[in-house]
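Engineer: Here's a structure for you.
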Ligand code: IPE
Ligand code: IPE
Ligand code: MG
C-alpha cells in the first residue's frame, strides 16, 4: 500500500492524526518476549507510519511516546526507552530529513537525559524548514502539566501588566501550549483496546474523532491504519450543528 488506498477519499483525509501507541508490553508478553522487544517492534511500526503519512498525503501526525506518568515504570524499562529514543534519532534523522519530515517534540524536555536533549534540539533545528510531514513526538508529556504551565505563563503576563485578564481567549491559551501552530487533531487513534486518554492532548482533542482498536501497537501496520481511516470517513463531524448530507 505505497499509495493511498482507492476507497479513501483524498479530499476528506484527516489533516492531523494523533496516536496513543499502546500495547507494546502485551504484544511482547503474548510472544513470550521481554517488554522491551515490544518497544523495539513498536519503533519499527512508527517509522513506517511516518512514511505512510507522507505517501498518503496526511500532513501532520502526533504520537505519544512517553507520558509524565511513565516515570513510574521500572527503572530498567525507563532507561531502555530513553536509550531507544536517542538511538532512533541518531539512526533515522538523515533519512527523515531527506524525506522532508519536520520533527518537533512536545513535553517537558528538561527532565530528559542531557544527551537525548541535545539530539532532540539538533533534530528540530535541522528539519525545521521541511515541508513534507510534520512529525510531533510527545515525550515526558502530560496534558494537565501543559495546561498548568499555560496558566502560569498567562498569569505572569497579567502580573507584568502586558495582558488584560479579559483578553484571555481560546487563542491566547492555545498559544501557550506545546502545540502553538497547526490544526488540532482530526482523528485520535489508540491501540491495544484501552479506551481512555491517559492525560494526552486534553485541550487539543476537544472536537477530535476518537478511534479505538484492539490491535497492539507493534501490529498497527498500514492495513490497520487504512481501516481506521475508512471508519473516520464514515463519521459525520457535526461540530454542534445539525446532520450533514452524509448522515441524513
Ligand atoms: C506503550 O506500550 C509504550 C509506552 C507507554 C512507552 P506499553 O508499554 O504501555 O504496553 P502495555 O500497555 O503494557 O501492553
Ligand atoms: C499512554 O500509555 C502513554 C503512552 C502511550 C506513551 P500507558 O500505557 O502509559 O497508559 P495507561 O497507564 O494504560 O493509561
Ligand atoms: Mg500501556
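The values are calculated or read from the model by the stated rules, or taken from the named source; none is laboratory data. Values in this document were obtained by computation on a predicted structure and should not be read as measured data. Here the Cβ positions follow ideal geometry from the backbone for every residue, glycine too, while neighbour counts run over all protein chains shown.
Engineer: When you scan region 5-19, do you find a residue that is crowded, with 21+ Cβ neighbours inside 10 Å and away from ligand 2 (no atom under 16 Å from the Cβ), even just one? Outline the logic, then answer.
Structural biologist: Step one: list which residues in region 5-19 are crowded, with 21+ Cβ neighbours inside 10 Å, which gives 14, 16-19.
Applying the additional criterion that residues be away from ligand 2 (no atom under 16 Å from the Cβ) yields 14, 16.
So far as region 5-19 goes, yes, one or more of its residues are crowded, with 21+ Cβ neighbours inside 10 Å and away from ligand 2 (no atom under 16 Å from the Cβ).
Engineer: If you scan region 216-235, which residues turn out to be surrounded by fewer than 22 Cβ atoms within 10 Å (Cβ to Cβ) and assigned to a loop (DSSP other than H, G, I, E, B)?
Structural biologist: 221, 235
Engineer: So, one more: Can residue 168 be described as crowded, with 16+ Cβ neighbours inside 10 Å, more than 18 Å from residue 16 (Cβ to Cβ) and touching a residue at least 12 places away in the same chain (Cβ under 8 Å)?
Structural biologist: Numbers: crowded, with 16+ Cβ neighbours inside 10 Å: yes; more than 18 Å from residue 16 (Cβ to Cβ): yes; touching a residue at least 12 places away in the same chain (Cβ under 8 Å): yes.
Spelling it out, residue 168 is indeed crowded, with 16+ Cβ neighbours inside 10 Å, more than 18 Å from residue 16 (Cβ to Cβ) and touching a residue at least 12 places away in the same chain (Cβ under 8 Å).
Engineer: Write out, first by first residue and then by second, each pair whose Cβ atoms fall under 8 Å of each other, whose residues are 6+ apart or on separate chains, and whose first residue, in region 12-36, is over 30 Å from residue 237 (Cα atoms) and in contact (Cβ under 8 Å) with a residue 24 or more places away in the chain while the second is assigned to a loop (DSSP other than H, G, I, E, B) and within 16 Å of ligand 2 (Cβ to nearest atom).
Structural biologist: Final answer for the pair search is 24/216; 26/192; 26/216; 27/216; 30/216.
Engineer: Related question: Would you check if residue 201 is within 16 Å of ligand 1 (Cβ to nearest atom), buried (at least 18 other Cβ atoms within 10 Å of the Cβ) and either under 17 Å from residue 53 (Cβ atoms) or under 17 Å from the mean Cα position of the chain (by Cα) (or both)? Reasoning before the result, please.
Structural biologist: Details: within 16 Å of ligand 1 (Cβ to nearest atom): yes; buried (at least 18 other Cβ atoms within 10 Å of the Cβ): yes; either under 17 Å from residue 53 (Cβ atoms) or under 17 Å from the mean Cα position of the chain (by Cα) (or both): yes.
For residue 201, the condition - within 16 Å of ligand 1 (Cβ to nearest atom), buried (at least 18 other Cβ atoms within 10 Å of the Cβ) and either under 17 Å from residue 53 (Cβ atoms) or under 17 Å from the mean Cα position of the chain (by Cα) (or both) - is met.
Engineer: Something else about it: Yes or no: residue 91 assigned to a helix (DSSP H, G or I), surrounded by 15 or more Cβ atoms within 10 Å (Cβ to Cβ) and away from ligand 1 (no atom under 16 Å from the Cβ)?
Structural biologist: Details: assigned to a helix (DSSP H, G or I): yes; surrounded by 15 or more Cβ atoms within 10 Å (Cβ to Cβ): no; away from ligand 1 (no atom under 16 Å from the Cβ): yes.
Considered against the rule, which asks whether it is assigned to a helix (DSSP H, G or I), surrounded by 15 or more Cβ atoms within 10 Å (Cβ to Cβ) and away from ligand 1 (no atom under 16 Å from the Cβ), residue 91 comes out as no.
Engineer: Report the residue count in region 11-27 for those that are more than 17 Å from residue 221 (Cβ to Cβ) and more than 10 Å from ligand 3 (Cβ to nearest atom).
Structural biologist: Adding up the residues that qualify gives 7.
Engineer: Then there's this: Does residue 157 satisfy the criteria of being away from ligand 3 (no atom under 16 Å from the Cβ), touching a helix residue (DSSP H, G or I) at 6+ places or on another chain (Cβ under 8 Å) and part of a helix (DSSP H, G or I)? Full working, then the answer.
Structural biologist: Details: away from ligand 3 (no atom under 16 Å from the Cβ): yes; touching a helix residue (DSSP H, G or I) at 6+ places or on another chain (Cβ under 8 Å): no; part of a helix (DSSP H, G or I): yes.
The answer is no for residue 157.
Engineer: While we're looking at this one, here's another question. In region 50-62, is there at least one residue being modelled with pLDDT of 95 or more, closer than 24 Å to residue 106 by Cβ and within 15 Å of ligand 3 (Cβ to nearest atom)?
Structural biologist: Within region 50-62, not a single residue is modelled with pLDDT of 95 or more, closer than 24 Å to residue 106 by Cβ and within 15 Å of ligand 3 (Cβ to nearest atom).
Engineer: Which condition number does residue 196 fail, the rest of (1) more than 16 Å from the chain's Cα centre (by Cα); (2) part of a loop (DSSP other than H, G, I, E, B); (3) without any contact (Cβ under 8 Å) to a residue 12 or more places away in the chain being met?
Structural biologist: So residue 196 meets the others, but not (1).
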